[in-house]
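*Asks:* One structure follows; several queries about it will come next.
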Amino acid sequence: MTDPILKISNLTKRFGGNTAVSDINLEIQPQETVAIIGPNGAGKTTFYNMVSGRMTPTEGKIELEGQDITGLPPHKISRMGVSRSFQINNIFPEMTVQENVEVAVTAFHGHSRKLFNFASRNKAVQEEARELLAKLQILELADRRAEVISYGDKRLLEIAVVLATRPHLVLLDEPTAGMTPDETKRTTSLIRQLADTGEYTFLITEHDMDVVFGLADRILVMHRGENLFVGTPDEVKAHPEVRRAYLGEEEEEEASA
Ligand SMILES: Nc1ncnc2c1ncn2[C@@H]1O[C@H](COP(=O)(O)OP(=O)(O)O)[C@@H](O)[C@H]1O
Ligand SMILES: [Mg+2]
């Protein structure tokens, strides 16, 4: 066993009397892809907000590569190698696709204070941005203004921006939400390819079970803030309580539709 990249111990977040995340324990190994699933209100986004530093846990501990990051501000956690996407689009609409990634790459190099001169630095930033766009297969959109590209392409651009800070741990909050079935397939296979490079560890929340089962090495099932089950996709599929929670929910949804 290698050391975990992320170790979550007894993580809890309460909002007044409402416990959004309740005593969660989880270890994620480098290069693993872990998905968090659970119905709306299960606590997935709150969990992310604590790992990325946007919310301070009420109780518990978060360790990144052996360092305690509990309660650190977002910019510090981001500099330590954690990058997240948001459920809501987070790009500059007036800039081109490439400029959006260049801004993120520049911000990263600003922190690392590389000593090359302005012109070569600019060129390096451009090249790095283009490499990222190629990785996400949106290089042909490089010169378009971000606001005119399709919703699915915007979300891929958002992933390129997330990867521009060279994160070790990448948090994606519902990466395929709002996508067409074709966009969802394309995005799933792209994330799979990125995971297969071994450069990233992914923590993903997702509603679409096909996406989850297609991507995740392990799945954490949350229900009302609690850990209902952790296991491989096959174990999750076979788990009676998880099946009941999910199948039960689907039946209710169909009945009320
Ligand atoms: N900023 C907040 N203030 C108060 N309650 C919140 C806040 N954020 C989330 N909650 C509550 O925490 C619970 C979990 O929400 P959330 O983490 O958004 O779930 P999910 O992402 O799984 O849908 C919900 O009951 C929600 O109303
Ligand atoms: Mg959410």
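*Asks:* Pick from E226, E241: which is in contact (Cβ under 8 Å) with a residue 60 or more places away in the chain and not hydroxyl-bearing (S, T, Y)? Show your work before the answer.
*Replies:* Values: E241 fails: in contact (Cβ under 8 Å) with a residue 60 or more places away in the chain.
Within the list E226, E241, the selection yields E226.
*Asks:* What is the number of the single condition among (1) at negative phi; (2) buried (at least 20 other Cβ atoms within 10 Å of the Cβ); (3) near ligand 1 (Cβ under 8 Å from one of its atoms) that S85 does not meet?
*Replies:* Unmet condition: (3).
*Asks:* Tell me, please, whether a residue that is more than 15 Å from the chain's Cα centre (by Cα) and crowded, with 20+ Cβ neighbours inside 10 Å can be found in the range 140-152. If you could, list the steps in order and put the result at the bottom.
*Replies:* First, the residues of the range 140-152 that are more than 15 Å from the chain's Cα centre (by Cα): 140-152.
Now restrict to residues that are crowded, with 20+ Cβ neighbours inside 10 Å: 141, 146.
Yes, because at least one residue in the range 140-152 is more than 15 Å from the chain's Cα centre (by Cα) and crowded, with 20+ Cβ neighbours inside 10 Å.
Results for (1) aliphatic (A, V, I, L, M); (2) within 16 Å of ligand 2 (Cβ to nearest atom); (3) in contact with a helix residue (DSSP H, G or I) (Cβ under 7 Å, 6 or more places away or on another chain), shown as yes or no for each residue.
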| residue | (1), (2), (3) |
| --- | --- |
| Q31 | no, no, no |
| S52 | no, yes, yes |
| M55 | yes, yes, yes |
| E59 | no, no, no |
| I77 | yes, no, no |
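*Asks:* Being out of contact with any Phe, Trp or Tyr (no Cβ under 8 Å at 6 or more places or on another chain) and in a strand (DSSP E or B) is the requirement here; does L190 meet it? Working first, answer last.
*Replies:* Working: out of contact with any Phe, Trp or Tyr (no Cβ under 8 Å at 6 or more places or on another chain): yes; in a strand (DSSP E or B): no.
No, not satisfied.
*Asks:* Which condition number does M50 fail, the rest of (1) open to solvent by 30 Å² or more (accessible area, probe 1.4 Å); (2) touching a Pro at 6+ places or on another chain (Cβ under 7 Å) being met?
*Replies:* It is condition (1) that M50 fails.
*Asks:* Let me ask something else. Anything in the range 230-249 that is open to solvent by less than 50 Å² (accessible area, probe 1.4 Å) and at pLDDT below 85? List them, or say none.
*Replies:* Answer for the range 230-249, where residues must be open to solvent by less than 50 Å² (accessible area, probe 1.4 Å) and at pLDDT below 85: V242, A245, Y246, G248.
*Asks:* Within the range 159-188, can you find the residues that are open to solvent by less than 20 Å² (accessible area, probe 1.4 Å) and away from ligand 2 (no atom under 16 Å from the Cβ)?
*Replies:* Looking only at the range 159-188, we keep the residues that are open to solvent by less than 20 Å² (accessible area, probe 1.4 Å), and these are 159-160, 162-164, 167, 169-176, 184, 187.
Scanning the range 159-188 gives I159, A160, V162, L163, A164, P167, L169, V170, T184, T187.
*Asks:* Filter the range 195-210 down to residues that are modelled with pLDDT of 90 or more and in contact with a Pro (Cβ under 8 Å, 6 or more places away or on another chain) and give me whichever is nearest to ligand 1 (Cβ to nearest atom).
*Replies:* I204
*Asks:* Would you please list the contacts, defined by Cβ atoms under 9 Å and residues six or more apart or on different chains, that run from a residue in the range 30-46 that is free of Cβ contacts under 8 Å to residues at least 12 places away in the same chain to a residue that is assigned to a loop (DSSP other than H, G, I, E, B)?
*Replies:* Hits for this filter: N40/H207.
The values are calculated or read from the model by the stated rules, or taken from the named source; none is laboratory data. None of the values given here were measured: they were computed from a predicted structure. No Cβ is skipped: glycine too gets one built from the backbone with ideal geometry, and neighbour counts run over all protein chains shown. Each accessible area value is taken on the protein alone, full model and side chains, heavy atoms only, with ligands, DNA and RNA left out. Shrake-Rupley method; radii C 1.70, N 1.55, O 1.52, S 1.80 Å.
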